[in-house]
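Have a look at the structure below before the remarks.
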Amino acid sequence: MTSELHPFLAEVMMLRGGKDVLECYQCGTCSASCPALPDMTHGPRRIMYMIQNGMEQEVLSSPDIWRCVSCYSCMNRCPRGIEITVLFSELRRLAIQKGYVEDKEAEFGQAFTVTLAQHGRQFEPELLTRYYWRVRDVVGLLGMVPLGLKMLVKGKLPFKPERIREPQVLQEAGVIPPKPALPGGKGLDRVVALMIGVLGFVDALVKLVSGKKEAQHG
Amino acid sequence: MANRYAYYPGCSLGSTAKEYDFSVRAVFAHLGLELHEIEDWNCCGATHSAIYKEDARFLLSLRNLALAKAQGFDTVIAPCSACYKNLRRATKLADANKNLLARVNDQMKEPYNGGVTVLHPLYAIIRDFGLEALKKRVVRPLTGIKIASYYGCMLTRPVDEFDSAERPTGLDQLVVALGAEPVEYDYKAKCCGGALALSHTGSTVRMAANVLTSAKGRGAEAITLACPMCHMALDMYQGKAEHAIDQPLHLPVLFFTQLMGLALGLEPTQLGLARHIVPTQDLVARIMG
């Protein structure tokens, strides 16, 4: 072989799950096993082919990498032992780094990670605020209101974030990029702070009214 | 000596799936299996941990394992399938890749140096308590109730030593031990789509509807499962699934620990059975007799 690897292929082969992409012989077991295939443009088999052929833009801008549900069916069945599910998650990061991304799941993933890095644990009301702020999806938000209310009644939404002692350890370790690089900026931070304040107030009020009765069971 | 485990509840068990947390704790205590919540545990990052940085995936898991070890435990119980998968894979990667471990340890106050095993409570009960012993503790056998076991994905994939990734049986064995009738159906190990519930709701609804109709079509009267994300898709989104396929389903979806609790004689209020979106009271009334 005299030809050099295409730069994008070489880049993917450095990713976790990427070193064996050239082993793929296009059997299609992955796509046949994929429960998200109806929502994809190419499916995992063709994505592997496109990686082998260095098609960076087609791969990283495809919605497919964001439609993966992390079910590990493809990876479990791949006769070539390629860690496809792991690779898809790595392609997501590459797509964000290279600015290819336009998908609501990309916004959700980032809203999720930013929220967890603020507290060390997830806090659903903040996650929802950050997510819907980022996607500006009013119809989607309204569609979730009936279920959200039911969840509220059933005690499935927390009012107060639980915090680890030093969430900044996670931030410093690079779980999220330094502040200036984060989208949303001060506007979103203010909205989140307001939301946490209001929920905290409601929580205190409810506790006061119910006489600190433990209402968590049942 | 009693079995002592570190307990990693994970974020969902403090919010959308509190009933799973209640019932895991209640059932373990009832069986004499001690759970000690890891102090200062952090979110495992679910499927999004590496979205900004590769090593973050391991850091988020390894910090919890280091805490568990420092607090005197060598076995961690993680009830959420996604947390379980993340923490368990991190233990294996830490053993296999010393460079990565050193890199991540550099960024943590408490380093992780191996020696922790991560178990899902289902397989911890099967392994450490045993289904034969469990049978003897059943006081309200679930006789005649047809229950579809739903395994989802990360409980058994990537494949591990506890069950088959294609045709898992752990939950079904448990259902039998509790006296119920297991239901065979096509979608027991297919994905519910829970991961995309907010961003691509249509995908989740389609996948959840497949699971629900498949179980219902084989005569299931309830579903039991072992993951808060699956529970969200099959319980909370069941209304959306009914709307999408234009037919009623009314399938109560219980965590396996809730089902165990009922069969072992615990009170429904201890198990959070009123917190579900799909009502469980008819099923509970039948079991309570």
Collect the residues in segment B:151-188 that are within 14 Å of another protein chain (Cβ to nearest Cβ), within 20 Å of residue B:134 (Cβ to Cβ) and in contact (Cβ under 8 Å) with a residue 40 or more places away in the chain, keeping them in residue-number order.
-> B:151, B:155, B:163
Among the residues of segment A:75-87, count how many are at the interface with chain B (Cβ under 10 Å from one of its Cβ atoms) and either touching an Asp or Glu at 6+ places or on another chain (Cβ under 7 Å) or closer than 20 Å to residue B:56 by Cβ (or both).
-> 4
Of the candidates B:209, B:222, the one satisfying the condition of being more than 14 Å from chain A (Cβ to nearest Cβ) and open to solvent by less than 20 Å² (accessible area, probe 1.4 Å) is B:222
Take residue A:152 and decide whether it is part of a helix (DSSP H, G or I) and at pLDDT 95 or above.
-> no
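Looking only at segment B:151-203, which residues are within 22 Å of residue B:83 (Cβ to Cβ) and among the polar types (S, T, N, Q)?
Hits for segment B:151-203 are B:156, B:164, B:199.
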Positions within segment A:39-74 being touching a helix residue (DSSP H, G or I) at 6+ places or on another chain (Cβ under 7 Å), open to solvent by 30 Å² or more (accessible area, probe 1.4 Å) and within 12 Å of chain B (Cβ to nearest Cβ), in sequence order | A:39, A:67
Which condition does residue A:102 not pass, out of (1) within 30 Å of residue A:18 (Cα to Cα); (2) at pLDDT 95 or above; (3) not aromatic (Phe, Trp, Tyr), if it passes all the others?
-> (2)
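Residue-wise test of (1) at pLDDT 95 or above; (2) surrounded by 24 or more Cβ atoms within 10 Å (Cβ to Cβ); (3) under 30 Å from residue A:132 (Cβ atoms).
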| residue | (1), (2), (3) |
| --- | --- |
| B:173 | yes, no, no |
| B:200 | yes, no, yes |
| B:228 | yes, yes, yes |
| B:265 | yes, no, no |
Members of segment A:168-205 found to be surrounded by 11 or more Cβ atoms within 10 Å (Cβ to Cβ), within 14 Å of another protein chain (Cβ to nearest Cβ) and either in a helix (DSSP H, G or I) or modelled with pLDDT of 85 or more (or both), listed by number = A:168, A:169, A:170, A:171, A:172, A:173, A:174, A:175, A:176, A:177, A:199, A:203
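Identify the residue in segment A:123-147 that is charged (D, E, K, R) and more than 10 Å from chain B (Cβ to nearest Cβ) and, among all such residues, is least open to solvent (accessible area, probe 1.4 Å). Before you say what the answer is, go through the steps one by one.
Within segment A:123-147, the first condition is being charged (D, E, K, R), and the residues that meet it are A:124, A:126, A:130, A:134, A:136-137.
Then drop every residue that is not more than 10 Å from chain B (Cβ to nearest Cβ), which leaves A:126, A:130, A:134, A:136.
Numbers: A:126: 2, A:130: 17, A:134: 44, A:136: 163 Å².
Out of the qualifying residues, it is A:126.
Okay, residues lined up against (1) over 19 Å from residue B:154 (Cα atoms); (2) in contact with a Gly (Cβ under 8 Å, 6 or more places away or on another chain); (3) open to solvent by 10 Å² or more (accessible area, probe 1.4 Å):
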{"position": "B:27", "(1), (2), (3)": "yes, yes, no"}
{"position": "B:38", "(1), (2), (3)": "yes, no, no"}
{"position": "B:42", "(1), (2), (3)": "yes, yes, no"}
{"position": "B:50", "(1), (2), (3)": "no, no, no"}
{"position": "B:67", "(1), (2), (3)": "yes, no, yes"}
{"position": "B:104", "(1), (2), (3)": "yes, no, no"}
Would you be able to say whether some residue in segment B:102-122 is under 21 Å from residue B:22 (Cα atoms) and in a helix (DSSP H, G or I)?
-> yes
State whether the residues of segment A:78-96 include one that is open to solvent by 30 Å² or more (accessible area, probe 1.4 Å), among the small types (Gly, Ala, Ser) and over 30 Å from residue B:159 (Cα atoms).
-> no
Taking segment B:84-121 and keeping only residues that are within 22 Å of residue B:258 (Cβ to Cβ) and in contact with a Phe, Trp or Tyr (Cβ under 6 Å, 6 or more places away or on another chain), one is left with B:120
The residue that is surrounded by the fewest Cβ atoms within 10 Å (Cβ to Cβ), considering only those in segment A:98-122 that are in contact (Cβ under 8 Å) with a residue 60 or more places away in the chain and within 8 Å of another protein chain (Cβ to nearest Cβ), is A:110
So residue B:284, is it in contact with a helix residue (DSSP H, G or I) (Cβ under 9 Å, 6 or more places away or on another chain), within 14 Å of chain A (Cβ to nearest Cβ) and not in a loop (DSSP other than H, G, I, E, B) = yes
Applying the selection to segment A:8-38, what residues are under 17 Å from residue B:153 (Cβ atoms), open to solvent by 40 Å² or more (accessible area, probe 1.4 Å) and hydrophobic (A, V, I, L, M, F, W, C)?
-> A:32, A:37
What are the residues in segment B:236-246 that are open to solvent by less than 40 Å² (accessible area, probe 1.4 Å) and more than 10 Å from chain A (Cβ to nearest Cβ), if any?
-> B:238, B:241
Looking across segment B:27-63 at residues that are under 18 Å from the mean Cα position of the chain (by Cα) and either under 15 Å from residue B:94 (Cα atoms) or without any contact (Cβ under 8 Å) to a residue 12 or more places away in the chain (or both), the single one that is farthest from the other protein chains (Cβ to nearest Cβ) is B:29
(1) surrounded by 14 or more Cβ atoms within 10 Å (Cβ to Cβ); (2) within 7 Å of another protein chain (Cβ to nearest Cβ) all hold for residue A:165 apart from (1)
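The values are calculated or read from the model by the stated rules, or taken from the named source; none is laboratory data. The structure displayed is predicted, hence computed values, not measured ones. Ideal geometry is used to build each Cβ from the backbone, glycine not excepted, and the neighbour counts take in all protein chains shown. Accessible surface areas use protein heavy atoms only, side chains included; no ligands, DNA or RNA. Shrake-Rupley method; radii C 1.70, N 1.55, O 1.52, S 1.80 Å.
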